[in-house]
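Participant: Quick one: structure below, then a few questions.
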Amino acid sequence: MSLAGRSLVTIEDLSNGEIEALFSLTDEMAESREKQAGVCQNKIMASLFFEPSTRTRLSFEAAMHRLGGNVISAINIGATSLAKGESLADMAKVVGSYADIIVIRHPWEGAAKVVADYAGVPVINAGDGGHQHPTQTLLDLYTIYEAKGSIRGQRIALWGDLKYGRTVHSLIFALAKFGANILLCPSPGLQVPEYVLKKLTAEYGGEIESGKAIEDKGKGSPLPLDAIYMTPSRPHQLAMMPDISLEVELEKEVDALYVTRPQKERFAPGEDRAMEKKFPVVDKKLLEGKAFKRTLVMHPLPRVDELAYEVDADPRSMYFKQAAWGVPVRMALIALLLGAKKTDTKDNGSPKAKPDYPPYTHNLTLACSNSACVSIQETEIKYLKPEFKIIDRKPLTLRCVYCEHEVQPPYIASSQWHQGMLENRKYHSADSHWARTIKPENLIVFPSASKAEDSGFKPSQYATSPARKTVEERGGEEGV
Ligand code: NCD
């Protein structure tokens, strides 16, 4: 297998076979570190860290040094031409002409994709805002593999800030790819974003149980459980009986408890009020429960006060080992993306086929709904246009190609209006049958009726505001 020339922007850029092959190479890197000093000789890695970092930056740089390569770095936006108003694209092209590989951490969601689109060399996402952190996920998975031998069928509890924690978002998809069950234990108000949950079940199958089912059946659970994701690869008999399956899951031991700190730097104004509500600290007492007998206690670090120092001496604590794996995992990744190493993979090497969602091509007025998205933050600069894929027709849903947040626009039109006559330029409600009949290449969406009218469209008889529709009207429309 050769990963030469590829980038790693999200964890879904690697197939399961590629991740397993990378882990075999990680073993080799860890076992014979001294022998690797010639692997990336004469290669240069640019290390661009525009958000605070200790582990990720230093382990990437240590990895490149261990491979015999060189490192150039920038760690402060204020000290780069981005502060003068340079675009990410221009920066990427220039740095790509100096270095053989780029590692970037940036506060904007989707920034790593923009850099990968323009750099002309492999780009590794070392964290793009609250979106993803795929290399942290690689070392998290490696830690579980090392300790448990497999990910499939494991019960992994995710704890703390599941809303803004980018490590959590990448990890959720990786765990689903490998067939783990996921127990979600968010701090109050910091639940996994809807777009992540929807993608999880739509693209990886399985079910999410939450609300009453969890309240009733999860009463005895030692975890502050909010929801549970059950993999479709659980034993067939259980998959056939969702209720029993949930009970069985809730009784089993927790294989790993992945603790995260509140990502306060990403909170919206007033959001830290959620922190005033009590949420348990992971300490010796909590880990006394029988569900935690063999639990790996993990944390991407840094910790604040969510994980007690007294746990450090406990053999179940894995977080410092986890951080240490960062070097061999990243050595393996850099060597593979630079084509300095090849390994065998059991699958065909292509990432799990992502559904082939059609692109949304007629963007007149639609912007991403996420203010932290690179497509919003770089709007002053004209090269970057909002881009979406059409991922669902009912309800009509578009996904931003940069940050993956979803929008459900209320109004739509077709670019092929009837007989090409201007008076036939009509817009419709997105929950009318038109959302399913207009071809993707002709679809135009509007964030409001006034935007549709500003663009020269008149309301059709199907342009009722979705919010004002009665149930009968909606039901009646199905047959249109
Ligand atoms: C994480 C990050 O930066 O997202 N840290 C890391 O890379 N090990 C987690 C965090 O900052 O809380």
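Participant: So what are the three principal axis dimensions of segment 156-208 from its Cα atoms, in whole Å, longest to shortest?
Facilitator: Answer, in whole Å and largest first: 27, 20, 18 Å.
Participant: With a 1.4 Å probe and all protein chains left in place, how much of the accessible area of the chain comes from carbon and sulfur atoms, in whole percent?
Facilitator: About 52 percent, which is the carbon plus sulfur part of the accessible surface.
Participant: While we're here: Among the DSSP beta bridges whose two residues both lie in segment 135-322, what percent are antiparallel, rounded to the nearest 5?
Facilitator: Rounded to the nearest five, the antiparallel share is 30 percent.
Participant: Of all beta bridges DSSP finds with both residues in the chain, what is the antiparallel percent, to the nearest 5?
Facilitator: Bridges in the chain that DSSP calls antiparallel: roughly 40 percent.
Participant: Right, another one. Between Glu387 and residues 5 or more places away or on another chain, which pairs have amide H atoms under 5 Å apart, with H built 1.01 Å from N, and which residues are they?
Facilitator: Val401, Tyr402
Participant: Could you state the per residue volume, in Å³, of the convex hull enclosing the Cα atoms of the chain?
Facilitator: Cα-based convex hull of the chain, divided per residue, equals 173 Å³.
Participant: Please compute P(r) over all alpha-carbon pairs of segment 44-87, binned at 10 Å starting from zero, and give each bin as a whole-number percent.
Facilitator: For segment 44-87, the pair-distance distribution reads 27, 47, 23, 3.
Participant: Karplus couplings for segment 92-98 from phi (6.51 cos²θ - 1.76 cosθ + 1.60, θ = phi - 60°), rounded to Hz, Gly and Pro as x?
Facilitator: 4, 4, 5, 5, x, 8, 9
Participant: Report, in listed order, any pair from Lys35/Lys148; Lys93/Lys177; Lys212/Lys321; Lys113/Lys199 with a Cα-Cα distance greater than 26 Å.
Facilitator: Where the Cα-Cα span goes over 26 Å, the pairs concerned are Lys35/Lys148; Lys93/Lys177; Lys212/Lys321.
Participant: Next question. Express in % the proportion of alpha carbon pairs of segment 359-459 at distances exceeding 21 Å.
Facilitator: On the way: 1602 of 5050 pairs.
When every Cα pair of segment 359-459 is considered, 32 percent fall beyond 21 Å.
Participant: Please work out the average accessible area per residue across segment 359-459, using the 1.4 Å probe convention, and give it in Å².
Facilitator: Accessible area per residue: 48 Å².
Participant: So, counting K/R as plus one and D/E as minus one, what does the shell of residues with Cβ under 13 Å around Leu287 add up to?
Facilitator: That sum, taken over residues with Cβ under 13 Å, equals 0.
Participant: Follow-up question, since we're still on this one. Quote the relative contact order of segment 135-322 in percent (integer), defining contacts as alpha-carbon pairs under 8 Å separated by 6+ residues.
Facilitator: In percent, rounded to a whole number, it is 24.
Participant: Between Glu276 and Glu207, how many nm apart are label points set 7 Å from Cα along the C-beta direction?
Facilitator: Simple spin-label model gives 3.9 nm for this pair.
Participant: Average projected area of the Cα convex hull of segment 99-252, in nm²?
Facilitator: Quarter of the Cα hull surface area: 10.2 nm².
Participant: A further question on this structure: Could you please report the charge total around Gly179, scoring K, R as +1 and D, E as -1 over all other residues with beta-carbon less than 10 angstrom from its beta-carbon?
Facilitator: So the environment of Gly179 carries a net charge of +3.
Participant: I would also like to ask the following. Per residue, how many Å² of accessible area does segment 135-322 show with a 1.4 Å probe?
Facilitator: 43 Å²
Participant: Mind ordering 117-124, 251-258, 324-331 by average Cβ neighbours within 10 Å, highest first? Before the final figure, lay out the partial values.
Facilitator: Details: 117-124: 21.9, 251-258: 19.9, 324-331: 23.8.
Going by the mean number of other Cβ atoms within 10 Å, highest first, we get 324-331, 117-124, 251-258.
Participant: Which cysteines in the chain lack any other cysteine whose Cβ sits under 4.7 Å from their own Cβ?
Facilitator: Those would be Cys40, Cys185, since no other cysteine Cβ in the chain comes under 4.7 Å of theirs.
Participant: For the chain, what does the relative contact order come out to in percent, with C-alpha contacts under 8 Å and a separation of six or more?
Facilitator: It comes to 17 percent, rounded to a whole number.
Participant: Under a Cβ-only charge scheme (Lys and Arg +1, Asp and Glu -1), can you give me the dipole magnitude of the chain about the Cα centre, in debye to the nearest 20?
Facilitator: Once rounded to the nearest 20, the dipole reads 360 debye.
Participant: Mind running the shape call on segment 82-136? Use the C-alpha gyration tensor, a ≥ b ≥ c as the square roots of the eigenvalues: rounded below 1.5 for a/c, prolate if a/b tops b/c, oblate otherwise.
Facilitator: Details: a/c = 2.20, a/b = 1.24, b/c = 1.77.
Judged from the Cα gyration tensor, segment 82-136 comes out oblate (a/c at least 1.5, b/c at or above a/b).
Participant: If you plug each phi of segment 114-126 into the Karplus form 6.51 cos²θ - 1.76 cosθ + 1.60 with θ = phi - 60°, what whole-Hz ³J(HN,Hα) values come out, in order, with x for Gly and Pro?
Facilitator: Couplings: 4, 4, 5, 5, 10, 6, x, 9, x, 10, 10, 7, 9 Hz.
The values are calculated or read from the model by the stated rules, or taken from the named source; none is laboratory data. As the structure is a computational prediction, the values presented were derived from the model and not from experiment. A quick note on method: Cβ atoms are made from the backbone with ideal geometry, for glycine too, and the neighbour counts reach across all protein chains shown. Just the protein is used for accessible areas: all its heavy atoms, side chains included, with ligands, DNA and RNA removed. Shrake-Rupley method; radii C 1.70, N 1.55, O 1.52, S 1.80 Å.
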